[in-house]
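This report refers to the structure that appears directly beneath it.
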Amino acid sequence: MNFVVLTLTLGVLSINAIFTQAIAAEPLVAEPVATPVIVEVGQKYTLHSQILGEERQVLVRLPESYNAADTDVRYPVIYLLDGDRHFTHGSIGAEVLEQRDRMPESIIVALPNNHGTRERDLARQPENFRRFMSEELFTFIDTKYRTSGHKTLFGHSLAGYFTLSIMVDHNEMFDNYITASPAVHVRDGELVGKFEQLFASNPTISSTLFLTLTEMAEEGREVTQVLNRLIALFDRSAPESFKWRYNFIDAQVHITTPYLTIYQGFSHAFSDFQAPSYIDIQSFESAGGIAALDAFFAERAIKYGAEEGMPQTTLRQIAYLYSEEGMHTQALALFNKNAQTYPTRPRVYNSLGDGYAAAGQLEDAQKAYQNAVNLAAEQGDEDVDWFSRNLRRNETRMAQE
């Protein structure tokens, strides 16, 4: 395989995310009283592709921890087709899910279309575009950034057809495939037959797939009928190892489905990253208890390069379950373990105070709440008022008893 040298130019991508501080003004003021703030979502590069014989724009968004993280930390990459349309909301969707521990922190790479080349790249000459991605784009991204090798591809409409074609013809190219309103009717619905052959030849497919579509009146009869045939095939013949899901999205139009699909698709693709949740202690212990959770997070760390050990949010959740069922010895053991593991987190001390208060150990609760308040004040934590209210509430309770 011949490797190409990629030339690039770095620029700042100024997305249409300009926020103006709201300041009350006197009537009839002629001059603006607020200074606009430009929010930079990511970076823009220009790559010269020898395969395509042209310059291609590439938009890159790095996760929050990228520059502050240890240089050994590596990140999954999510590639967005039609990148000029989907970069902003794809980046926002990833950030929201990352902050809620619903997906690993990831690098977003969006590929805008060159003028007049979309149909060529995605339908008429898709193999050239695929080679550009696998031989040139991947090389650039993997060389410039700390990537883990885990890749996800998202495409909408004709780009959704391209996404499914990559999956069925080059299944190992990506780990996850996400497609909104895919144009599955292209080439007389050939994808149905191709997937049937894939299932017959590869009974251990490990990649994931998430698909969406809205009403027939919006998508078209032919698209809907072919997709229904494809879903029926998945129901009938997909290997157990193939983690796929189809969501019908109502009350939308063809052009709006990708905005919902981004959130749902990322959540599906990274469902094995998401910590288990439990409604009570019985369900927790039936699932294997702490030992099973430790094994889950160890495996997650290996696959996604995530932080090792159990997150304080999960340990706190389990401790509260024990506390709510009056099992205070077990609850306090977990609350204290959380505080020892994460000694700089105000919230772990606030929850430790809750545990002591529930057990009737109010003096210990007061110390824990005070620690939470002190740390929150030092760190400028927005929850400092909440922690202070808990401290005062416990102090009142101590005075009454």
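Values quoted throughout were computed directly from the atomic coordinates according to the rules given, and no laboratory measurement underlies them. Here the structure is a predicted model, which is why all the values come from computation and not from measurement. Cβ atoms come from the backbone with ideal geometry, glycine included; neighbour counts cover every protein chain shown.
If R0 is taken as 35 Å, the Cβ-Cβ distance between GLN43 and SER241 corresponds to a FRET efficiency of 0.40.
Note on ASP250 and GLN274: the extension gain reaches 6.0 nm, defined as 0.36 nm multiplied by sequence separation minus the Cα-Cα distance. Return the single residue from ASP383, ASP101, ASP82 with maximal mean-square fluctuation; model: Gaussian network over the chain, springs between Cα atoms under 10 Å. Its mean-square fluctuation being the largest, the pick is ASP383.
Summary value for region 281-400: 16 percent relative contact order, contacts being C-alpha pairs under 8 angstrom separated by 6+ residues. Computed from phi, the 3J(HN,Hα) profile of region 376-391 under the Karplus parametrisation 6.51, -1.76, 1.60 (θ = phi - 60°) reads 4, 5, 5, 9, x, 5, 5, 8, 4, 5, 5, 4, 5, 4, 5, 4 Hz, with x in place of Gly and Pro. SER181 sits among other residues whose Cβ lies under 10 Å from its own Cβ, and their net charge, with Lys and Arg +1 and Asp and Glu -1, is -2.
Note on region 71-273: with charges restricted to the Cβ of Lys and Arg (+1) and Asp and Glu (-1), its dipole about the Cα centre is near 120 debye.
Helix 257-269 and the longest principal axis of the C-alpha atoms of the chain enclose an angle of approximately 60°.
For the chain, what is the mean residue ellipticity at 222 nm derived from helices alone (per DSSP H run of n ≥ 4: -39500 (n - 2.57); sum divided by total residues; nearest 500 deg cm²/dmol)?
So the calculated ellipticity at 222 nm is -15000 deg cm²/dmol.
Dividing the mean sequence gap of close Cα pairs (under 8 Å, 6+ apart) by how many residues region 71-273 holds gives a relative contact order of 22 percent. Were the residues from HIS115 through GLU55 laid out at 0.36 nm apart, the gain over their Cα-Cα distance would be 20.5 nm. Take the residue pairs LYS151/LYS243; LYS144/LYS303; LYS303/LYS337 and return only those whose Cα atoms are more than 19 Å apart. Over 19 Å apart, Cα to Cα: LYS144/LYS303; LYS303/LYS337.
At full extension, ARG131 and GLN99 could sit 8.1 nm farther apart than now, given 0.36 nm per residue minus the alpha carbon distance.
How would you classify region 71-273 from its alpha-carbon gyration tensor, with a ≥ b ≥ c the square roots of the eigenvalues: rounded for a/c under 1.5, else prolate if a/b is greater than b/c, otherwise oblate? Rounded, because the longest to shortest axis ratio a/c is under 1.5.
Report P(r) for the chain: all Cα-Cα distances, bin width 10 Å, range 0 to the bin holding the largest distance, values in whole percent. Going out from 0 Å in 10 Å bins, the chain shows 4, 18, 24, 22, 17, 11, 4, 0, 0 percent. With K and R counted +1 and D and E -1, the other residues having a Cβ less than 11 Å from that of SER323 yield a net charge of -2.
Entry note, the chain: relative contact order of 10 percent, from Cα contacts under 8 Å with a spacing of 6+ residues.
Note on LYS44: aspartates and glutamates with a C-alpha under 14 Å away, same-chain residues under 8 apart excluded, are GLU55, ASP84.
Each of GLN282 and LEU260 was given a label point 7 Å from its Cα along the Cα-to-Cβ line. The distance between the two points is 3.6 nm. The trypsin sites (Lys or Arg not before Pro) of region 81-126 that meet both conditions, a loop assignment by DSSP and at most 12 other Cβ atoms within 10 Å of the site Cβ, are ARG100.
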